[in-house]
Amino acid sequence: MTKQLALIALGLLAAVPAHALTDARVERIDAETLVVRWTASRPVDVLVSDAPDAAARAATLASAADGDGEHRLGVPAGQRRYVLLRERGTSKTLRVAERLLPLEAGSNFRDIGGYEGAGGKHVRWGLIYRSGGQPLLTAADQAQIARLRLANLVDLRSAEERRLAPTRIEQVRYNAVGYSMAALMPAGGVAAVRNGSAIYRGFPTLLAPHLRLVFDRVLNERGALAYNCSAGQDRTGFVTAMILSALGVPRATIMADYQLSTQLRRPQFEMPRLDPAVVANDPVARMFAGYQTPQAAAPTPLMEADGTPFLAGAFAEIEARYGTVEAYLEREAGLTPARRKALQAAYLE
């Protein structure tokens, strides 16, 4: 029996070509150049479009039968391109795009597309964006974001943060749920705030209304969605984890996306410069002013001393109280099995 199983396993491995077209990425190497890299056992056609859902017939052929696993694209600054890789001799295609928007004065603004989800399909590009605060966007940044054709922006920040650093994304429907920064603070107040798993355990309750808003917008309205907190890593990381979980993305992939914030944040653009003397009587403003010192501003890994990601605290709280993420989303965010199926149908390809 063991020998038979071994033969079956070998047969399955033989049926899957080595380095099948399953992995690709786009990276910006300078202001006007993108490089596309992939692994595949066969040559691929590289097709390019400025539409995230363009079929092959509507895209421009940039490279035919490319077998070296790399292609460079010239792209004007501020423009976005979507690449469709089509493997020769098979029906396999894979869409990929630049994950981070290269904003002049933005932080951690990125597309959550491309991850493999339920049924081996991938999260659609160009439909859901996560971000840090946007109070200092330049005119060029605003123009670049306008080209995303956002239908909704969901602001996950507290009332105090929204007052201190109003977004500069304009002409987009703005959504927020009011709460005070005090809801995130431990008994010791602002001075005792330390990021960690304990704070994340409060997110499933604090952010349930925001999740309900997010799922309502993506299921009932056309157009792309963006959501943000101040750093685009903690509250935004939790909401992203719930969206990706609903789309069937594996937990390990969710955690890897979560940790990208450490390298993609630009804290100097998340909050206007705050003068400690001016904000002396405002505890929330004073807290954010404290983050604006060179020592405090550098992003640090989002994990405990033992290497446990802070986000694991939110998952642990959900599983302790609800059993599964699916049960939590159904009860607190209104994402029934039927709505989850509709979400996957709309946001996976």
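The values are calculated or read from the model by the stated rules, or taken from the named source; none is laboratory data. These numbers come from a predicted model, not from an experiment. All Cβ positions, glycine included, derive from the backbone under ideal geometry; neighbour counts span all protein chains shown. The protein model used for the area step is the full one, side chains on, heavy atoms only, and it has no ligands, DNA or RNA in it. Shrake-Rupley method; radii C 1.70, N 1.55, O 1.52, S 1.80 Å.
A quick yes/no check of all residues on (1) within 30 Å of R37 (Cβ to Cβ); (2) without any contact (Cβ under 8 Å) to a residue 40 or more places away in the chain; (3) open to solvent by 40 Å² or more (accessible area, probe 1.4 Å); (4) not in a loop (DSSP other than H, G, I, E, B):
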{"position": "G126", "(1), (2), (3), (4)": "yes, no, no, no"}
{"position": "Q144", "(1), (2), (3), (4)": "yes, no, no, yes"}
{"position": "L153", "(1), (2), (3), (4)": "no, no, no, yes"}
{"position": "R163", "(1), (2), (3), (4)": "no, yes, yes, yes"}
{"position": "E170", "(1), (2), (3), (4)": "no, yes, yes, no"}
{"position": "Y174", "(1), (2), (3), (4)": "no, yes, yes, yes"}
{"position": "G178", "(1), (2), (3), (4)": "no, yes, yes, no"}
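Mind telling me which of the residues R130, R201 ends up being farther than 30 Å from N281 by Cβ, at pLDDT 95 or above, of a type in the set (D, E, K, R) and touching a Phe, Trp or Tyr at 6+ places or on another chain (Cβ under 9 Å)?
Within the list R130, R201, the selection yields R130.
Let's see how each residue does on (1) among the small types (G, A, S); (2) on the phi > 0 side of the Ramachandran plot; (3) modelled with pLDDT of 95 or more:
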residue: L274; (1), (2), (3): no, no, no
residue: V284; (1), (2), (3): no, no, no
residue: Y291; (1), (2), (3): no, no, no
residue: G313; (1), (2), (3): yes, no, yes
residue: A316; (1), (2), (3): yes, no, yes
residue: R321; (1), (2), (3): no, no, yes
residue: L335; (1), (2), (3): no, no, yes
residue: A346; (1), (2), (3): yes, no, yes
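Per-residue answers, yes or no, for (1) in contact (Cβ under 8 Å) with a residue 40 or more places away in the chain; (2) open to solvent by 20 Å² or more (accessible area, probe 1.4 Å); (3) in contact with a Leu (Cβ under 8 Å, 6 or more places away or on another chain); (4) within 25 Å of E349 (Cβ to Cβ):
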site	(1), (2), (3), (4)
V214	yes, no, yes, yes
R222	yes, yes, no, yes
L244	yes, no, no, yes
R265	yes, yes, no, no
F269	yes, yes, yes, no
V278	no, yes, no, no
A305	no, yes, no, no
P309	yes, yes, yes, no
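Tell me whether segment 213-226 contains one or more residues that are part of a loop (DSSP other than H, G, I, E, B) and at pLDDT 95 or above.
no
If L274 meets every condition in (1) surrounded by 13 or more Cβ atoms within 10 Å (Cβ to Cβ); (2) within 22 Å of Y200 (Cα to Cα); (3) not basic (K, R) apart from one, which number is that one?
The failed condition is (2).
Return yes when A256 is free of Cβ contacts under 8 Å to residues at least 60 places away in the same chain, open to solvent by 40 Å² or more (accessible area, probe 1.4 Å), assigned to a loop (DSSP other than H, G, I, E, B) and aliphatic (A, V, I, L, M) and no when it is not.
Here the answer is no, as A256 does not meet what is asked.
Do we have P250 as closer than 25 Å to G133 by Cβ, in contact (Cβ under 8 Å) with a residue 12 or more places away in the chain and open to solvent by 30 Å² or more (accessible area, probe 1.4 Å) here?
In short, no.
Among the residues of segment 41-56, which ones are farther than 24 Å from A77 by Cβ, buried (at least 18 other Cβ atoms within 10 Å of the Cβ) and either at pLDDT below 95 or β-branched (V, I, T) (or both)?
V44
Looking at S107, S91, which one is assigned to a loop (DSSP other than H, G, I, E, B) and open to solvent by 50 Å² or more (accessible area, probe 1.4 Å)?
Going through S107, S91 in turn, just one is assigned to a loop (DSSP other than H, G, I, E, B) and open to solvent by 50 Å² or more (accessible area, probe 1.4 Å): S91.
Determine which member of the set A77, A62, A97 is in a strand (DSSP E or B) and open to solvent by 20 Å² or more (accessible area, probe 1.4 Å).
On inspection, the qualifying residue turns out to be A62.
Could you tell me which numbered condition A56 fails, if it satisfies all but one of (1) closer than 30 Å to S230 by Cα; (2) more than 24 Å from the chain's Cα centre (by Cα)?
It is condition (1) that A56 fails.
Within the bounds of segment 194-207, is there any residue that is within 18 Å of P166 (Cα to Cα), hydroxyl-bearing (S, T, Y) and open to solvent by less than 50 Å² (accessible area, probe 1.4 Å)?
Among the residues of segment 194-207, not one is within 18 Å of P166 (Cα to Cα), hydroxyl-bearing (S, T, Y) and open to solvent by less than 50 Å² (accessible area, probe 1.4 Å), which makes the answer no.
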